[in-house]
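Can you keep this structure in mind? I'll have questions shortly.
The values are calculated or read from the model by the stated rules, or taken from the named source; none is laboratory data. Remember, predicted model here, so these are calculated numbers, not experimental data. Note: ideal-geometry Cβ built from the backbone for every residue, glycine included; neighbour counts use all protein chains shown. Keep in mind that these areas ignore ligands, DNA and RNA; they rest on the heavy atoms of the full protein, side chains included. Shrake-Rupley method; radii C 1.70, N 1.55, O 1.52, S 1.80 Å.
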Amino acid sequence: MEFKSLRNIESSFRQIRLFGIIFLVLCAVIVVWSVWSSYAFAEKQREKIYVLDGGKSLMLALSQDLSQNRPAEAREHVRRFHELFFTLSPEKSAIEGNVRRALLLADKSAYNYYTDFTEKGYYNRIIAGNINQVLKVDSVVCDFSSYPYGAKTYARQMIIRSSNVTERTLVTECRLLNASRSDDNPNGFTIEGFTILENRDIQTVKR
C-alpha cells in the first residue's frame, strides 16, 4: 500500500512538472509574439508622416522608400524626354513648346542637337512639308551599378507625309544625374551626355 502511494506521488509530480514546462513554453511564446508585434507596429508607425495644413487640418501621408521607385522614375524620365524632343507637328509653336519642355529635362548636350537640327533646316522642312513625326519608345535600359546612371533607349520614329509613311529606328544613350524635383522635372533627374547612336530608315509605305 505504501509503495502504491509513493508511485501516485511520483506520477503526480511528473504531471505537475509537465504542466509547469508547458506553461513556461506558452508564456515564452506569448512574450516573443508580443515583442515581435510591438516592433512591427512601431515600424509601421514610423512609416507615417503627419502633416499640419496651416494648423487647421490633419493629413496622413505614407512615406515610401524613394530608392525603390528610382529605376521606374529614371525610365519614365528618359521616355518623356524622347517623346517631347522627337514628336513633332508641322506647327512652329508646337515644336518650340515640345522642345522647350524636353530641354528642361536635359543639359546642353540635348540643346546642341536642337541647334544643329535648326541650323540644318530640319524643323523648317517639317513645317513646309506638313509632316508629322511620332516617336514610340520600345524600351529604356538603365544601369544603376554606377553613378551617373547610364541609359540606352530603343525607339521608332514614324514620319508621316501626305504621300507615305517612313519608319526609322532611333537608338540613343545618355547618363542620368540626380536633380531637384519640380513641376517641370517631377522625376528628379537631368540627362547629360545625350548622344544619338543610330537613326536610319527601316521602310517606307505609300498611303
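Which whole-number percent is the relative contact order of the stretch 80-186 (Cα, under 8 Å, 6+ apart)?
23
Sort 173-179, 110-116 by packing, meaning the average of other beta carbons within 10 Å per residue, with the highest value first.
The packing order, highest mean first, is 173-179, 110-116.
At what distance in nm do the modelled label points of Glu43 and Arg100 sit from each other, each positioned 7 Å from its Cα along Cα→Cβ?
Taking the simple label geometry, Glu43 and Arg100 are separated by 4.9 nm.
While we're here: At 1.4 Å probe size, with the rest of the protein present, what percent of the exposed accessible area of the stretch 137-177 is carbon and sulfur atoms?
The computed percentage sits at 50.
Taking every pair of alpha-carbon atoms in the stretch 61-189, give the share separated by more than 24 Å as a whole percent.
When every Cα pair of the stretch 61-189 is considered, 33 percent fall beyond 24 Å.
Over the Cα atoms of the stretch 158-207, what radius of gyration and what Dmax do you get, in Å?
16.6, 46
In the stretch 183-207, whose amide N lies under 18 Å from the spot 7 Å out along Cα-to-Cβ of Asn112? List them in ranges.
Under cut-off, by backbone N: 190-199.
Roughly what would the spin-label model give for Ser139 and Val32, points 7 Å off Cα along C-beta, in nm?
With each label placed 7 Å out from Cα toward Cβ, I get 4.6 nm.
Spin-label point model (7 Å from Cα, Cβ direction): what's the Asp184 to Asn69 distance in nm?
2.2
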